[in-house]
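This report refers to the structure that appears directly beneath it.
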Amino acid sequence: MAKINDNYLKLPGAYLFSTVARKAEEFAAAHPDRELIKMSIGDVTKPLAPAVIKAMKAAADEMGTAEGFHGYGPEQGYDFLRSKIAECDYKSRGIDIDISEIFVSDGAKSDCGNIGDIFSVDNKVAVCDPVYPVYVDTNAMAGRAGDYVGEHWTNLYYMPCTEENGFMPELPKEKVDIIYLCFPNNPTGVAATREQLKPWVEYAKENGAVILYDSAYEAFITNPDVPHSIYEIEGAKEVAIEFRSFSKTAGFTGTRCAYTVVPHTLKIDGTELNSLWNRRQCTKFNGVPYVIQRAAEAVYSEDGRRETKAAIAYYLENAKIIRAALTEAGLTVYGGENAPYIWAKTPDGLKSWEFFDKILDEAGVVTTPGSGFGPSGEGFVRLTAFSTKENTIKAMEKIKAIL
Ligand code: MLT
């Protein structure tokens, strides 16, 4: 008889954002006359940049010609995009990344989840708490997390990020093998400076650990002390894999394009992780559509940069509006200055889900309960700055009115 991967049975409940979406749908069904404003999942609302659309249309036209038609592309991505990434995202910051170290994909979420394929199930994995649920759930699916007991996975090493430590994880007190870091952080919106990241690279070097660095939100960095890439830290190319995405940078959440950097200098027992990831991608992935990669390439054009920067500025302005309104309403807020997420402390000791329900029922605004990101997220809710400005202002008025 066929056997299932029973690690799936150990997963608690549904994926966080599915639960939130279900609650929002139930609210909408029960109150068809009331307005619902979503500030939950980090999904962009601004349309794609004109430069991106122009490139996408031109590529679509090309696909309709005998000369310009593209079938299967390289699994690692087309060189035209990889070379733009190497030049604009790395070389411009003094980082030398070869195009063979860049793997274009359909999303940082998929890559963060799939990367586990190249690591043994025996690795000890460290995650921040609260954390983007994908890191935890995919390790649980692989059987690397142990059992879920009292809100914790028995085999994971949790690094609490709390008000007390400024939401900066502390170095593990025991030896771990794989460390997930995400800066600017999802969900807390807090960003690590170069000085704060250095010890992590040193720890990884000393312990033979690998850092899985999610920098999907780097475009929102405003503080010059915050690195856009972990490779800005000396030695990081020997210990870190970096995940980047066009989703939040250029509004590609529905268009799907991202990339992962696996430097050749990152080796375990002499084996390059680059060649393992290449093998994995060639076997299980057939590349991102040509049209989409041309669209992503256009993000680096002069117009593309100007237009996408304007969208980021728009979202950062929303973040400012949220911070100001919630502060005025008496809440303590974090994040939102180098990230599109605002991490707000619930009032009167309310639990995350209680405050989530209150805001949904009374104000018609959907947030994300902090406890959904891990036990240390209890007592917080996360708001995103990705709504329209009009809805952001309206949502803040509604929240202020009920607090
Ligand atoms: C989030 O809201 O945390 C993100 O949008 C989820 C994602 O990027 O997959």
**OP:** Counting residues in region 336-403 as N, plug N into 2.2 N^0.38 Å and put the Cα Rg over that result.
**Re:** 1.06
**OP:** Quick one: among HIS152, HIS264, HIS31, which has the greatest mean-square fluctuation in a GNM of the chain with alpha-carbon springs under 10 angstrom?
**Re:** HIS31
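Hey, what does the equivalent ellipsoid look like for region 155-229, semi-axes from the Cα gyration tensor as sqrt of 5 times each eigenvalue, largest first, whole Å? Each step should come with its number before you reach the end.
On the way: eigenvalues 83, 40, 25 Å².
Each semi-axis is √(5λ); the values are 20, 14, 11 Å.
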**OP:** May I ask you to list the aspartates and glutamates whose Cα is less than 17 Å away from that of LYS10, ignoring any residue fewer than eight positions away on the same chain?
**Re:** ASP137, ASP147, GLU151
Subject >> Entries in LYS46/LYS394; LYS38/LYS320; LYS109/LYS175; LYS54/LYS394 that, when Cα-Cα distance is taken, lie over 23 Å >> reply: LYS109/LYS175; LYS54/LYS394
Subject >> Three principal axis lengths of region 177-332 [C-alpha, angstrom, descending] >> reply: 54, 40, 26
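Beyond 27 Å, what percent of the Cα pairs of region 80-227 remain?
Here the tail beyond 27 Å accounts for 23 percent of pairs.
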Original post:
If the chain between ASP43 and LEU350 were fully stretched, how many nm would it gain, using 0.36 nm times the residue separation less the Cα-Cα distance?
Top reply: 107.9 nm
**OP:** Using only the Cα atoms, work out Rg/Rh for the chain, with Rh taken as the Kirkwood radius, to two decimals.
**Re:** 0.96
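Would you please give the FRET efficiency between ILE402 and VAL149, computed as 1/(1 + (r/R0)^6) with r the Cβ-Cβ distance and R0 = 41 Å, to the nearest 0.05?
Approximately 0.65, to the nearest 0.05.
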**OP:** For the chain, report the accessible area per residue in Å² (1.4 Å probe, heavy atoms, rounded to an integer).
**Re:** 43 Å²
Subject >> Percent accessible area from carbon and sulfur atoms, the chain, protein chains only, probe 1.4 Å >> reply: 51 percent
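The values are calculated or read from the model by the stated rules, or taken from the named source; none is laboratory data. The model shown is predicted, which means the values in this text are computed figures rather than measured ones. Note that we place each Cβ from the backbone using ideal geometry, even for glycine, and neighbour counts take in every protein chain shown. With ligands, DNA and RNA removed, areas are computed over all heavy atoms of the protein, side chains included. Shrake-Rupley method; radii C 1.70, N 1.55, O 1.52, S 1.80 Å.
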